[in-house]
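Accompanying notes for the structure given below.
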Number of protein chains: 2
Amino acid sequence: MPRRLSAVLSPAEALPPVATALVVDVIRATTTAAFLLAAGARELVLTAEVAQARAEARRRGALLAGERGGLPPEGFDLGNSPREADPERVRGRAVVMTTTNGTRAALRAAGAAQRVGLAALVNAGAAVRWAAAREGDLVLVAAGREGRAALDDAYVLGALVAGFRVLEPGVRLDDGARLAQALFLAHPEPRPLLAASAAAEALAAVGLAADVEACARIDALALVPELAAREGAALRFRPVYPKGV
Amino acid sequence: MPRRLSAVLSPAEALPPVATALVVDVIRATTTAAFLLAAGARELVLTAEVAQARAEARRRGALLAGERGGLPPEGFDLGNSPREADPERVRGRAVVMTTTNGTRAALRAAGAAQRVGLAALVNAGAAVRWAAAREGDLVLVAAGREGRAALDDAYVLGALVAGFRVLEPGVRLDDGARLAQALFLAHPEPRPLLAASAAAEALAAVGLAADVEACARIDALALVPELAAREGAALRFRPVYPKGV
């Protein structure tokens, strides 16, 4: 029996218990996570709440990154922008990050799956190879927005489904995976699709429209942030570099 | 400011409070509802639970229709099949109906919207005209399946979005509406799309694959089941015939 690939588009939906999860918050948390590790950050620690993030960063001597309402909270070193992932600032450092939707989705996935990776367009190919090299059923988890399914994340789930099916044509898709895949296949060019999303509109409203362009760079990075350890209410990710299949 | 058309794909998501809702459970509850009224049923009463349905049917001298696990519960006069909507059986009769996903979606919509209609592919054009003729913001509500977004319902939401935009090109779409519309526009032929859904697979498993064909007949009917009254925990629908725009 071929394995099953599910896609959960809405943050309001329960996750099936599976072996492997890929979490997507393409605008911007999982994109920024991949860029931070690609820029040489030693590890990335995700927390749900701002106060937790401050405490973790203090304890670890880490940089503090993230957003509320799209902008960095008071005293944060970095926002949630992939364009801030500057090697001169982050190389060799631990980074603690908290965002509105993405870090919550990662925590949900860590509660349902044995293995968790973070995926976006910038590392879609790497994420697909990472997932395909692991055994068992898989779930793609969209962070969504304000408790609802989001266009941008659904699109990236579709890109992952389509990519996965190239490696494993017989994989069994659920309705969510078929829906996401149809969206992706109908829109080969990601920029206009991402730009039409509510997440992109909200970024434009706070002067960060250029971030969307950075989020649309398919396969710019060859790494996957992989969950290395659960440390209390925090999730610690390290970069892995999947081999080509 | 043009009005807003939202599409809520997942039954796990909260509905925005709006003026008008269209509820979709294309395989099969809202399709069957439209066929029952088209076959001459005087009114259609939806309830969430089987025991309620039995009590309402007894009180009203109504036929009892619906399903659990795809099949009619013990003692029901009709299942949830559009092919059972035979004028010789239902003309002039009240019908009480309870189904797993569709009736719950209707109850959710009735809690959020002032006006509620039932939509499917068989009455998509009529449903779009019905909604367009009413003032205020609109929401399309997918019944989904087992707490998750469903491919078949998302597709019909997309058909309704696309149809609505022909009448009101400036309507503002949310992410859900854009996602559903992309699915519909990528699949002009409904049959293979519906047949790929988990709902169609489940019907095939109980010998009811032919129902899917009946659910795919776009614009076969010119009526919309419209919520006429909330009567305790039951919703009473009557047929309305929207004029062409």
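The values are calculated or read from the model by the stated rules, or taken from the named source; none is laboratory data. Every value quoted in this text rests on a predicted model; they were computed, and no experiment measured them. Ideal geometry is used to build each Cβ from the backbone, glycine not excepted, and the neighbour counts take in all protein chains shown. All accessible areas refer to the heavy atoms of the entire protein, side chains included, with ligands and DNA or RNA removed. Shrake-Rupley method; radii C 1.70, N 1.55, O 1.52, S 1.80 Å.
If you take the residues of segment B:47-56 that are open to solvent by 10 Å² or more (accessible area, probe 1.4 Å) and out of contact with any Pro (no Cβ under 6 Å at 6 or more places or on another chain), which of them is nearest to the other protein chains (Cβ to nearest Cβ)? Give the derivation first.
Step one: filter segment B:47-56 for residues open to solvent by 10 Å² or more (accessible area, probe 1.4 Å), giving B:48-52, B:54-56.
This time we only want the ones that are out of contact with any Pro (no Cβ under 6 Å at 6 or more places or on another chain), so: B:48-49, B:51-52, B:54-56.
Details: B:Ala48: 20, B:Glu49: 22, B:Ala51: 26, B:Gln52: 26, B:Arg54: 31, B:Ala55: 32, B:Glu56: 30 Å.
Result: B:Ala48.
Which residues, counting only those in segment B:184-201, are open to solvent by less than 50 Å² (accessible area, probe 1.4 Å) and modelled with pLDDT of 95 or more? Before the answer, list the steps.
First pass over segment B:184-201, keeping only residues open to solvent by less than 50 Å² (accessible area, probe 1.4 Å): B:184, B:186, B:190, B:193-194, B:196-200.
Those that are open to solvent by less than 50 Å² (accessible area, probe 1.4 Å) and modelled with pLDDT of 95 or more: B:Phe184, B:Pro190, B:Leu193, B:Leu194, B:Ala196, B:Ser197, B:Ala198, B:Ala199, B:Ala200.
Suppose we filter B:Leu37, B:Leu64, B:Leu22 for residues that are touching a residue at least 60 places away in the same chain (Cβ under 8 Å) and assigned to a strand (DSSP E or B); which single one remains?
Values: B:Leu37 fails: assigned to a strand (DSSP E or B); B:Leu64 fails: touching a residue at least 60 places away in the same chain (Cβ under 8 Å).
Residue meeting the stated conditions: B:Leu22.
Go through A:Leu121, A:Leu107 for me and flag whichever is modelled with pLDDT of 95 or more, among the aliphatic types (A, V, I, L, M) and not in a helix (DSSP H, G or I). If you could, list the steps in order and put the result at the bottom.
Details: A:Leu107 fails: not in a helix (DSSP H, G or I).
Just one listed residue meets the conditions, A:Leu121.
Give A:Leu36, A:Leu22, A:Leu44 a once-over and let me know the one that is surrounded by 24 or more Cβ atoms within 10 Å (Cβ to Cβ), in contact with a Phe, Trp or Tyr (Cβ under 7 Å, 6 or more places away or on another chain) and either of a type outside the set (Phe, Trp, Tyr) or away from chain B (no Cβ under 14 Å) (or both).
Details: A:Leu36 fails: in contact with a Phe, Trp or Tyr (Cβ under 7 Å, 6 or more places away or on another chain); A:Leu22 fails: in contact with a Phe, Trp or Tyr (Cβ under 7 Å, 6 or more places away or on another chain).
So the residue among A:Leu36, A:Leu22, A:Leu44 that is surrounded by 24 or more Cβ atoms within 10 Å (Cβ to Cβ), in contact with a Phe, Trp or Tyr (Cβ under 7 Å, 6 or more places away or on another chain) and either of a type outside the set (Phe, Trp, Tyr) or away from chain B (no Cβ under 14 Å) (or both) is A:Leu44.
For segment B:173-191, how many residues are within 11 Å of chain A (Cβ to nearest Cβ) and not in a loop (DSSP other than H, G, I, E, B)?
From segment B:173-191, those within 11 Å of chain A (Cβ to nearest Cβ) are B:173-187; that's our starting set.
Narrowing the set further to residues that are not in a loop (DSSP other than H, G, I, E, B) leaves B:173, B:175-186.
Within segment B:173-191, residues that are within 11 Å of chain A (Cβ to nearest Cβ) and not in a loop (DSSP other than H, G, I, E, B) number 13.
What's the total number of residues in segment B:87-98 that are in contact with a Leu (Cβ under 9 Å, 6 or more places away or on another chain) and surrounded by fewer than 21 Cβ atoms within 10 Å (Cβ to Cβ)? Before you say what the answer is, go through the steps one by one.
First, the residues of segment B:87-98 that are in contact with a Leu (Cβ under 9 Å, 6 or more places away or on another chain): B:89-90, B:93-98.
Retained after the next criterion (residues that are surrounded by fewer than 21 Cβ atoms within 10 Å (Cβ to Cβ)): B:89, B:93-94.
Final tally of qualifying residues: 3.
Take segment A:111-130 and flag every residue that is under 18 Å from A:Thr32 (Cβ atoms) and among the polar types (S, T, N, Q).
Hit for segment A:111-130 is A:Asn123, nothing else.
Of all the residues that make up segment B:211-223, how many are open to solvent by 50 Å² or more (accessible area, probe 1.4 Å) and either touching a Gly at 6+ places or on another chain (Cβ under 9 Å) or in a helix (DSSP H, G or I) (or both)?
Our first condition is that a residue be open to solvent by 50 Å² or more (accessible area, probe 1.4 Å); within segment B:211-223, this holds for B:213, B:217-219, B:222.
This time we only want the ones that are either touching a Gly at 6+ places or on another chain (Cβ under 9 Å) or in a helix (DSSP H, G or I) (or both), so: B:213, B:218-219, B:222.
Residues that pass the stated criteria total 4.
Check A:Ala126, A:Ala200 and return the single one that is assigned to a helix (DSSP H, G or I) and within 14 Å of chain B (Cβ to nearest Cβ).
On the way: A:Ala126 fails: within 14 Å of chain B (Cβ to nearest Cβ).
The conditions single out A:Ala200.
Restricting to segment B:224-245, name every residue that is open to solvent by less than 60 Å² (accessible area, probe 1.4 Å) and touching a Pro at 6+ places or on another chain (Cβ under 9 Å).
B:Val224, B:Pro225, B:Glu226, B:Phe237, B:Pro239, B:Val240, listed by residue number.
Mind listing just one residue for me: the one in segment A:139-171 that is aliphatic (A, V, I, L, M) and within 12 Å of chain B (Cβ to nearest Cβ) and, of those, nearest to the chain's Cα centre (by Cα)? Quick ask: steps written out before the conclusion?
Of all residues in segment A:139-171, those aliphatic (A, V, I, L, M) come to A:139-143, A:149-151, A:154, A:156-157, A:159-162, A:166-167, A:171.
Retained after the next criterion (residues that are within 12 Å of chain B (Cβ to nearest Cβ)): A:139, A:142, A:149-151, A:154, A:157.
Numbers: A:Val139: 13, A:Ala142: 8, A:Ala149: 15, A:Ala150: 13, A:Leu151: 14, A:Ala154: 12, A:Leu157: 10 Å.
So, considering only residues that are aliphatic (A, V, I, L, M) and within 12 Å of chain B (Cβ to nearest Cβ), the one nearest to the chain's Cα centre (by Cα) is A:Ala142.
Given the criterion among the basic types (Lys, Arg) and within 25 Å of B:Gly40 (Cβ to Cβ), identify the matching residue among B:Arg134, B:Arg178, B:Arg236.
Values: B:Arg134 fails: within 25 Å of B:Gly40 (Cβ to Cβ); B:Arg178 fails: within 25 Å of B:Gly40 (Cβ to Cβ).
Every option except B:Arg236 fails the conditions.
Could you please let me know if A:Gln114 is more than 14 Å from chain B (Cβ to nearest Cβ) and either within 24 Å of A:Glu201 (Cα to Cα) or in a helix (DSSP H, G or I) (or both)? Lay out the reasoning, then the answer.
Numbers: more than 14 Å from chain B (Cβ to nearest Cβ): yes; either within 24 Å of A:Glu201 (Cα to Cα) or in a helix (DSSP H, G or I) (or both): no.
Against the criterion (more than 14 Å from chain B (Cβ to nearest Cβ) and either within 24 Å of A:Glu201 (Cα to Cα) or in a helix (DSSP H, G or I) (or both)), A:Gln114 does not qualify.
Among the residues of segment A:1-13, which ones are in contact (Cβ under 8 Å) with a residue 40 or more places away in the chain and within 14 Å of chain B (Cβ to nearest Cβ)?
A:Arg4, A:Leu5, A:Ser6, A:Ala7, A:Val8, A:Leu9, A:Ser10, A:Pro11, A:Ala12
Exactly one of (1) touching a strand residue (DSSP E or B) at 6+ places or on another chain (Cβ under 8 Å); (2) open to solvent by 10 Å² or more (accessible area, probe 1.4 Å) is unmet by B:Glu74. Its number?
(1)
Show the residue pairs that are 6+ apart or on different chains and have beta-carbon atoms under 6 Å apart, the first residue being within segment A:77-101 and over 18 Å from A:Leu221 (Cβ atoms), the second being of a type in the set (Val, Ile, Thr) and surrounded by 21 or more Cβ atoms within 10 Å (Cβ to Cβ).
Close Cβ pairs (under 6 Å, with a partner that is of a type in the set (Val, Ile, Thr) and surrounded by 21 or more Cβ atoms within 10 Å (Cβ to Cβ)) amount to A:Val96/A:Val45; A:Thr98/A:Thr47.
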